[in-house]
Structure formats: C-alpha cells, structure tokens
Amino acid sequence: MARNTESNVYTVLFAIGMVLVVGSLLAFTASYFNPTITLNKKLEKQQNILFAMGINEATLSGNEDDATSFVTTDKVTAEFTKYITTQLVIEGDKVTQDSLAYLIDIKKESDKVKADASYTRKLPLFIGEEKGEKFYIVPVRGIGLWDAIWGYIALKDDLKTVKGVFFDHKGETPGLGANITAPYFYEDFADEQIYDGTQFKGIVVAKGNADPKNLDKNDNEVDAMAGATITGDGVTAMIKKDIAMYLPYFNTLK
C-alpha cells in the first residue's frame, strides 16, 4: 500500500521524525565535544591571565616579535603553574587559597548577587611572580557597545601601577570597538596609575586625551579608540567597578 505523502498526517510525522533525528545528533555532538570545549576554555583563561602579567611567547623564546603571542596551549598549563604562584578566592572578609580559582565565572557571580542581594560574591585573585617581582591580576567584565567585554588587569606590587592588561569582547565592531584587543590600545595601559594621590581613580579611556603618545603615566588616562566611544566608556567603567571590589583586600596588604 502506497503512502500518501501529500497528507497532513504524513507531513507532521515526518517533521517530528526529523526533529528527533537532528536533536539526537546535536545532543551527541555536544556531548562528544564538550570535554574538548571545556579544556580549551581552561587553557584560554590561563593564556589570558599570563598575558596580562607579561608572560607570552617572547618571554619563553626571547624573540621580541612574539610579544603579542599567547603562550601556546601545549605549554600554557606548565607556565601557568610556574608563574601564578597563588590563587585566592575573596568572599567578604574571608580569603582562601584555591588552585582552581581561575575557573570562577565572574559573570555568574554577578548574576547571583543580582538575584540575591545577601549573596557574598566570590572574587578570584591571581598572584604571579617573575624575576623576583610580584603581580596581582584582577579579572574584569563589563558591557561594550553591543555585548560583553572582559579582561584582566595586572597590578605591580605597589597595587597602584599597571603591569599589563588583556581585553576581549563578544561582539564589538571590527576596526572600532574590537580594537580593544589591538596592541596599540592595550600597550598604553602599562605603567599607568590607578590612583590619583591617595584616591582610587581607575583608568579612563579618554576621548580628546591631551597625552596621545601616553607619556604621562600619572594622569589616570589612556587615549581613546577612534569611533569607539561607547566601547571605551565600557572599558573605563569595568576597570573602575571591578578593581574597586578588591580594594578592601588590597588595603590589608599595604
């Protein structure tokens, strides 16, 4: 008996069958690749934290041409363990060591606070050491023009001077806001001060900055990206907002 492929029942059953088949394939694919995806995210976080404190391929190879290259994934875990000597989790007045602090999702922590004002946010902090110098690396997250922006700010041992930064974004405009990942932008942050005297200021991405070559490291400013004012404002806001959460702990170290 021939099937009536023109009937509505056949069409509905065929559609249901396709949904089940495609859904099963997608579920299998997601399950199969999930360990790889999870591992890549871990390695990427390690790369980014090291990059902020100045550990990159140039550090390992001695070739300055590699200064904008991340430590490769085959080496990054070993280098992360070598240079990141301590990982802390700050919860209010409670500070604990945790070798997996870098896996804390600061967006989820922020969402928990929004959902429950009594929740004590977990703040991960990474302490790195190189050539006898100590650095404190703070994760930051904010909003650009279109979507999320994030990064890490590495502070020198005085807790006032920036050692280096790493920035990334989800959907900023290519050639404009997306330039927060460009060397010409993030390199300007090196040696900038986050205090004006004794007052915490953060760092402003300033449109019309009177110091376009960024020679003045005490003005709490870096030059803005052309045509990307809102993204720059987002970088300014996330630096000030997120570093401020660490100040109570930093004050205990001074």
Please state, to two decimals, what the Cα-based radius of gyration of the chain comes to when divided by 2.2 N^0.38 Å (N = residues). 1.26
Spatially proximal lysines relative to LYS213 (Cα-Cα < 25 Å; intrachain offsets below 8 disregarded): LYS156, LYS160, LYS163, LYS201, LYS240
The distance between the Cα centres of the stretch 162-209 and the stretch 212-241, in whole Å, is 5 Å
Would you calculate a helix-derived [θ] at 222 nm for the chain, using -39,500 (n - 2.57) for each DSSP H run of n ≥ 4 and dividing by the full residue count, to the nearest 500? -12500 deg cm²/dmol
Counting only heavy atoms of protein chains, what accessible area per residue, in Å², does the chain have with a probe of 1.4 Å? 56 Å²
Leaving out same-chain residues fewer than 8 places away, which lysines sit with a Cα under 19 Å from that of LYS42? LYS75, LYS82, LYS107, LYS108, LYS122, LYS170
Using a Förster distance of 35 angstrom, determine the FRET efficiency expected from the C-beta separation of VAL19 and THR173, and round it to 0.05. 0.45
Which whole-Hz couplings ³J(HN,Hα) result when phi for each residue of the stretch 221-236 is put into the Karplus expression 6.51 cos²θ - 1.76 cosθ + 1.60, θ = phi - 60°, listed in order with x for Gly and Pro? 9, 10, 6, 6, 7, 4, x, 9, 4, 5, 4, x, 4, x, 5, 4
PRE reach from ILE143 (point 7 Å along Cα→Cβ): which of the stretch 227-250 fall under 20 Å by backbone N? 228-245
State the percentage of accessible surface on the stretch 51-138 attributable to carbon and sulfur atoms; use a 1.4 Å probe and exclude ligands, DNA and RNA. 45 percent
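Report the gain in length on full extension from ASP157 to ASP211: 0.36 nm times residue separation, minus Cα-Cα distance, nm rounded to one decimal.
16.9 nm
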If you roll a 1.4 angstrom probe over the protein chains with everything in place, what fraction of the accessible area of the stretch 159-207 belongs to carbon and sulfur, to the nearest %? 49 percent
What is the set of long-range amide H partners of LYS134 at a cut-off below 5 Å, with H atoms built 1.01 Å from backbone N? ASP157
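The values are calculated or read from the model by the stated rules, or taken from the named source; none is laboratory data. Here the structure is a predicted model, which means the values were calculated and not measured. Note that each Cβ is placed from the backbone with ideal geometry, even for glycine, and that neighbours are counted across all protein chains shown. For accessibility, only protein heavy atoms count, side chains too; no ligands or nucleic acids. Shrake-Rupley method; radii C 1.70, N 1.55, O 1.52, S 1.80 Å.
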